[in-house]
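Below is one structure, written out as structure tokens; the observations come after it.
Rule-based calculations on the coordinates, nothing more; no lab input. On a predicted model such as this, the values are computed, not experimentally measured, just so you know. Neighbour counts run over all protein chains shown; Cβ positions are idealised from the backbone, glycine included.
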Amino acid sequence: MSKSVYSIVLSDDVVAAVDMLALKMGTNRSNLINQILAEKVSVVTPERRMRDIFDNIFRLMDERFIQDSTAAGTALAFRSSIAYKYKPTVRYSVELLRAPEGERIGSLKISFRTRSQAFMDMLGGFFTLWIGTERQYNSRRPEYKAESDKLVRAIYFPEGASSATAEQIGELIGEYIKAFDSALKGYFAYADNDDLAAQAVTQSFLKSADKGITKI
């Protein structure tokens, strides 16, 4: 969506109120005014589309997830706890692009806060299993970046779809997060048995594959 510079006259009180709201929303004056006017005249901006996708992701999250209010305007984040010793938490952050880069429309960042080397070692094993499972059953072979305490996975426009609504994209991303979370918790539930841990990861992925998570 292209943009141009326009000159408009606004009252000082309106500008002050807009600036205050923009600060709370983590945006700037121009973007906020653009969003307000777009909604008034029923034009779907990238920001509105992102918000609609986030709303549909949020709708799918169950009691396992607690929304993280610190996320910026172009991101939606949740936290979930793992039943392992001191109950470490995992943070899921969906970050969308204002304009697609090829088929890529954003990223899913999965991070952990821990100083336990034992947990980090196990986490590396889980990352290897999850990525291997997805690459086996997902012909799209998504791009991953893995670190000791973080995993970043590219999110793509739904494969095979000429168009997709914000609701459809949000549902696919939401189902993917739930599948990953189930696999992660299943893996740590069977941490003492490599075979059962691997089965838990595979079963969680395949169970959700029918819901379309391989499309993104």
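Quick notes on this one:
- With Cα atoms, 0 to 90° folded angle of helix 166-189 axis to the chain main axis: 30 degrees
- GNM remark for the chain: springs join alpha carbons under 10 Å apart, and the peak mean-square fluctuation among Leu32, Leu108, Leu151 falls on Leu32.
- Judged by the ratio a/c of the largest to the smallest principal axis of the C-alpha gyration tensor, region 1-115 counts as prolate, that ratio being 1.5 or greater while a/b is larger than b/c.
- Those aspartates and glutamates that a straight Cα-Cα span of less than 12 Å connects to Lys215, excepting residues fewer than 8 apart in one chain: Glu103, Glu134, Glu159, Glu171, Glu175
- Relative to the longest principal axis of the Cα atoms of the chain, helix 194-209 runs at roughly 40 degrees.
- For Ile216, nonlocal amide neighbours, meaning residues 5 or more places apart or on other chains whose placed amide H falls under 5 Å from its own, are Glu159.
- Spatially proximal aspartates and glutamates relative to Lys40 (Cα-Cα < 14 Å; intrachain offsets below 8 disregarded): none
- Karplus-derived 3J(HN,Hα), 6.51/-1.76/1.60, for each residue of region 8-16, Hz, glycine and proline x: 10, 9, 10, 6, 4, 5, 5, 4, 4
- Computed over neighbours whose Cβ is under 12 Å from that of Glu143, the net charge equals +3, Lys and Arg +1, Asp and Glu -1.
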